[in-house]
Amino acid sequence: MHPTIVARIAIALSGALAALGAAFSAAESLTVVSWGGSYARACEEAYLKPFAAETGIRVRLEDYNGGLSQVRAQVEAGNVHWDIIDLEYADLVRGCDEGLFEILDTSMLPEGADGSSPEDDYYPDMISECGAGKLFYSTVYAYNHERTTGKVPATIQDFFDLKRFPGRRGMRRSPLANLEFALMADGVPADEVYAVLDTPAGVDRAFRKLDSIKDRVVWWEAGAQPPQMLADGEVVMTTAYNGRVFNAQVLENQPFTIVWHGQVLDTGHLAIVAGSRNIDAARRLVTYASRPASLAAITRYIAYSPARRSAEALVSTHAETGVAMAPHMPNAPENTRLAVRSDWLWWADNGEDMNERFSAWLLR
């Protein structure tokens, strides 16, 4: 063969191999964005580390505090460095409408542990156009029972009662869940909360109730903060994610009591950021995380319920302490008797307006 031809073949092969190498390098790592703290560690142990071990794809975990501003900025700038994001359902729906997330190929979702189809196995609203449901979690409130003498708080009304239970409260710096808490504390039945919130008078009513404790509130943003605030005595009671309180109870022996009355039950989902440079690897990870066994594995590290029916039969004990997990699940019947299920559609439609009003209210 002529030397020139050989040289051209060599150059072509070299270019092809370089392209394959670049593609492999891009696909061998993923950036997953989640909520930090004990929840992120639970996800890491339950499915991120096993996925990396099985596939050889490295996973880098970053923290955020929710919302769409950061992912929106990346997508609009065409400079996407996140691949997968763990987010609340209302943000998933709103972001999907804005084109911030890739469309979910439901054919990649694995079947149930009992052989059922994903459509039958997932709970309602857990499969959407852009995301796969992962778990149920609750915003509850908790108190330190070693610092509480005599009467103890037992209802959402007690959280707002500064006369019977004086002291500072912790609340998330967000209208989400706080508006629901306020209306229930003001006497609105759980099944009427969103009908009331759907009126200007109802929104005014919720903010008036928040006004009644505003000057005694310490605001938190990251899920790890409320248990620390309770432990330090910075607040006498605080809203919090139920799983974070549970982990403080069993891992740190903190004397915390969860009040399930008036809990706001919500869902967490995984979505792939539009324009991800590692789309194939991202799809593989979402598929892996959606296995019933992966969802059940999360419950071995934190008290959040699986998004799939067949995964519930796989819920066992806490990996480090051996505590039976089923009674601590937020959607356990005994915990949901006086709960409100977060209305993702209402928040998807009204979330931006409520965020603006809440921010203005904080500054007043």
Unmet requirement for Leu314, which otherwise passes all of (1) open to solvent by 10 Å² or more (accessible area, probe 1.4 Å); (2) over 30 Å from Asn79 (Cβ atoms); (3) in a strand (DSSP E or B):
(3)
Name the residue, out of Phe159, Phe165, that is open to solvent by 10 Å² or more (accessible area, probe 1.4 Å) and of a type outside the set (Asp, Glu).
Phe165
Any chance you could count how many residues in the range 200-217 are within 18 Å of Trp347 (Cβ to Cβ) and in contact with a Lys or Arg (Cβ under 9 Å, 6 or more places away or on another chain)?
2
Where a residue in the range 280-305 is open to solvent by 10 Å² or more (accessible area, probe 1.4 Å) and its partner, wherever it lies, is part of a helix (DSSP H, G or I) and of a type in the set (D, E, K, R), with Cβ under 6 Å and at least six apart:
Tyr301/Glu45
Identify, please: which residue in the range 128-143 is surrounded by 15 or more Cβ atoms within 10 Å (Cβ to Cβ) and more than 15 Å from the chain's Cα centre (by Cα) and is, among those, farthest from Tyr304 (Cα to Cα)?
Cys130
May I ask you to list pairs of residues, at least six apart or on different chains, whose Cβ atoms are under 8 Å apart, with the first in the range 261-279 being free of Cβ contacts under 8 Å to residues at least 24 places away in the same chain and buried (at least 24 other Cβ atoms within 10 Å of the Cβ) and the second being assigned to a loop (DSSP other than H, G, I, E, B) and aromatic (Phe, Trp, Tyr)?
none
I'm checking my understanding of the structure. Among residues of the range 89-127 that are open to solvent by 10 Å² or more (accessible area, probe 1.4 Å), over 19 Å from the mean Cα position of the chain (by Cα) and among the small types (Gly, Ala, Ser), which one is nearest to Arg283 (Cα to Cα)?
Ser107
Looking only at the range 181-195, decide whether some residue is part of a loop (DSSP other than H, G, I, E, B), modelled with pLDDT of 95 or more, in contact with a Lys or Arg (Cβ under 9 Å, 6 or more places away or on another chain) and open to solvent by 30 Å² or more (accessible area, probe 1.4 Å).
yes
Anything in the range 32-74 that is within 17 Å of the chain's Cα centre (by Cα) and assigned to a strand (DSSP E or B)? List them, or say none.
Val32, Val33, Ser34, Leu61, Glu62, Asp63
Cβ contacts < 8 Å: first residue farther than 16 Å from Trp219 by Cα, restricted to the range 229-249; second residue of a type in the set (Ser, Thr, Tyr) and in a strand (DSSP E or B), any location; separation 6+ or different chain. Result?
Asn242/Tyr137; Asn242/Ser138; Asn242/Thr139; Gly243/Tyr137
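The values are calculated or read from the model by the stated rules, or taken from the named source; none is laboratory data. Everything numeric here is computed off the predicted structure, so don't read it as measured data. Don't worry about glycine lacking a Cβ; one is built from the backbone with ideal geometry, like all the others, and counts go over all protein chains shown. Just the protein is used for accessible areas: all its heavy atoms, side chains included, with ligands, DNA and RNA removed. Shrake-Rupley method; radii C 1.70, N 1.55, O 1.52, S 1.80 Å.
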